[in-house]
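The values are calculated or read from the model by the stated rules, or taken from the named source; none is laboratory data. As the structure is a computational prediction, the values presented were derived from the model and not from experiment. All Cβ positions, glycine included, derive from the backbone under ideal geometry; neighbour counts span all protein chains shown. Heavy atoms of the whole protein, side chains included, go into the accessibility calculation; ligands, DNA and RNA do not. Shrake-Rupley method; radii C 1.70, N 1.55, O 1.52, S 1.80 Å.
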Amino acid sequence: MRPIPILTALLTVAVLFMLVFQREMVRNFVGLGSDAEAAVEEDAPTEETTDASRISVIAMRSAAQEIDSAVVVRGETEATRSVTLMSEASGRVIAAPVAKGDAVAEGDVLCSLDPGTREVALKQAQAQLTEAEQNLNAAEKLSEGGFAAETRVLSARSAFEAAQSGVEQAEAALDDLDIRAPFSGLIEDDPAEIGALLQPGSPCATVVQLDPLRLVGYVAELDVNRVSMGAPVGARLATGDQVQGRITFIGRAADPVTRTFRVEAQVANPDLAIRDGQTAEILIQSAGRTAHLLPQSALTLNDAGDLGVRVVGDGDVARFMPVDLVRDSTDGVWVAGLPDETAVIVVGQDYVIDGVAIDPTYRESGT
């Protein structure tokens, strides 16, 4: 039996035992077990682990800007006045001197009714008034001469006043036969046809006033305090026309469904080019404020459902900050509630939460 292979095997077993089970003793023996080297070996994997745990995001440095924060609402045009004139008397229409779309002035006759026996009633009332007047004069003269009692004079005066009332009632009944425009405007629908029988409360015609015109919108409760009486207003209609005016009314009671407040503005419409009921985008001037212009995609929600953005905080950690949406534009959205200088995460904000370490890469604003 050869001894060399056996010795070689024993030597190999001894070396493996020293390297596996007595590694620290061997390292100390050869001078590789210093505290500095051990610290380096321990720190190296920690740094690699820390760098690898940071989440890469793209951020944008933003500076607040002064903007004209107009309150933007959707609304419509509305006639300043619109009324449907009703008949106060019964009668057949004998004249309708206006047609749908005609312009009328205040006092113009829109419908005339057949007087029937009302003229006869007026003549009868006038005759009774003449008789009562003569009786009153005679009673007063007799009373002055002592030939009539005072009660006779009082009775004659009562009859005279009753006759006067009868004449006034008959004249008013005749006046009710002519239905007149209460203000200048346009006839919006077909007036009553000639020959139609109108009863008290039957419609004759509808008159609308379009100059000046009214702009009507509904402002959210968060913005209503930014609207003031007399504030300048600009509006762009669906047709592309633009008009200007001023606020004339701000509602005090909110709509129970939408929780918005009605606002009205008055604008000139001398050529009557703007119609009632047109859609309008209304901009109400309000005090300026500072805001940041950010991409709309940068907006996010926290767990409570608050609208905001995530920013690069101290130590390169993500922080959520709530914002107020001022208005949108073609370049992005204007938001308020952030510091004057801040770095907003614009890519990756939905993959981090507060306190998460991040590795931000910055890009220029507007890119």
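Annotations
- Members of segment 319-367 that are among the aromatic types (Phe, Trp, Tyr), open to solvent by less than 70 Å² (accessible area, probe 1.4 Å) and either free of Cβ contacts under 8 Å to residues at least 40 places away in the same chain or more than 29 Å from Asp223 (Cβ to Cβ) (or both): Phe320
- Of the residues Leu142, Leu154, Leu177, the single one that is more than 30 Å from Gly201 (Cα to Cα) and open to solvent by less than 70 Å² (accessible area, probe 1.4 Å) is Leu142.
- Listed by first and then second residue, the pairs with beta-carbon distance under 6 Å, at least 6 apart or on different chains, first residue in segment 61-86 and within 27 Å of Ser112 (Cβ to Cβ) and open to solvent by 20 Å² or more (accessible area, probe 1.4 Å), second of a type in the set (Ser, Thr, Tyr) and part of a strand (DSSP E or B), are Thr84/Thr206.
- Being touching a strand residue (DSSP E or B) at 6+ places or on another chain (Cβ under 9 Å) and under 30 Å from Ser87 (Cα atoms) is a condition met by no residue of segment 150-170.
- In segment 107-134, residue surrounded by the most Cβ atoms within 10 Å (Cβ to Cβ) [restricted to those that are among the acidic types (Asp, Glu) and in a helix (DSSP H, G or I)]: Glu133
- Condition met for Leu129 (closer than 30 Å to Arg180 by Cβ, in contact with a strand residue (DSSP E or B) (Cβ under 6 Å, 6 or more places away or on another chain) and in contact (Cβ under 8 Å) with a residue 24 or more places away in the chain): no
- Leading residue by the ranking (nearest to Thr279 (Cα to Cα)) among those in segment 219-232 that are over 13 Å from the mean Cα position of the chain (by Cα) and not polar (S, T, N, Q): Pro232
- Applying the set (1) touching an Asp or Glu at 6+ places or on another chain (Cβ under 8 Å); (2) among the polar types (S, T, N, Q); (3) modelled with pLDDT of 90 or more to Thr361 leaves exactly one unmet item: (1).
- Remark: pairs (first residue in segment 98-125, farther than 25 Å from Leu210 by Cα; second residue of a type in the set (Lys, Arg) and part of a strand (DSSP E or B); Cβ separation under 6 Å; 6+ apart in sequence or on different chains) = Asp114/Arg92.
- Members of segment 111-148 found to be of a type in the set (D, E, K, R) and under 30 Å from Gly91 (Cα atoms), listed by number: Asp114, Arg118, Glu119, Lys123
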